[in-house]
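Everything below concerns the one structure shown next.
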Amino acid sequence: RKSAFSYKAKAKDIMVIEDLKFDAIKTKDFETLLSNLKLQNDKVLMILGEQNDNVYLSSRNLKKVKVVTADSVNTFDVLNAQKVVMAASSIEVIEKILN
């Protein structure tokens with residue numbers, strides 16, 4: 001996993017955003033987020049620091065998006081995505097796992 005993240009970082013395919021909180025399950029809100037990040041046409045892996053059902057359920061109808069928690073991320077998902085979007089809280093969890 002460490003080399004997968006290194007590869008993505010060198011290619012500048014990792015973005016870090018503030019933690020996401022959706023008040024309701026709305027795919028349109030998730031699409032707006034992707035549009036604001038200019039990722040609407042990319043295959044995206046979103047890594048959350050902790051389980052957030054509203055974010056997960058809002059993304060499940062989008063074919064090019066996969067949402068996982070930091071403790072369940074795997075190498076294939078990282079390499080398979082064109083862009084990796086990490087919530088700020090996920091970085092600490094991933095650092096603990098990789099070190």
Subset of segment 60-88, residues out of contact with any strand residue (DSSP E or B) (no Cβ under 8 Å at 6 or more places or on another chain) and open to solvent by less than 20 Å² (accessible area, probe 1.4 Å), comes to none
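Can you find, within segment 1-26, the residue that is surrounded by the fewest Cβ atoms within 10 Å (Cβ to Cβ) among those that are assigned to a loop (DSSP other than H, G, I, E, B) and without any contact (Cβ under 8 Å) to a residue 24 or more places away in the chain?
Start the filter on segment 1-26 by keeping residues that are assigned to a loop (DSSP other than H, G, I, E, B), which leaves 1, 11-13, 18-26.
Of the ones still in play, those that are also without any contact (Cβ under 8 Å) to a residue 24 or more places away in the chain are 11-12.
Numbers: A11: 10, K12: 8.
Filtering segment 1-26 for residues that are assigned to a loop (DSSP other than H, G, I, E, B) and without any contact (Cβ under 8 Å) to a residue 24 or more places away in the chain, the one surrounded by the fewest Cβ atoms within 10 Å (Cβ to Cβ) comes out as K12.
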The condition of being open to solvent by less than 30 Å² (accessible area, probe 1.4 Å), in a helix (DSSP H, G or I) and without any contact (Cβ under 8 Å) to a residue 60 or more places away in the chain holds, among L45, L39, L57, L34, only for L34
Residue set D77, D29, D71; condition part of a helix (DSSP H, G or I), among the acidic types (D, E) and within 12 Å of the chain's Cα centre (by Cα); output residue D77
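The values are calculated or read from the model by the stated rules, or taken from the named source; none is laboratory data. Keep in mind the model is a prediction, meaning the values are calculated, not measured. FYI the Cβ positions are ideal-geometry reconstructions off the backbone, even for glycines, and counts take in every protein chain you see. The accessibility values were calculated without ligands, DNA or RNA, using every heavy atom of the protein model including side chains. Shrake-Rupley method; radii C 1.70, N 1.55, O 1.52, S 1.80 Å.
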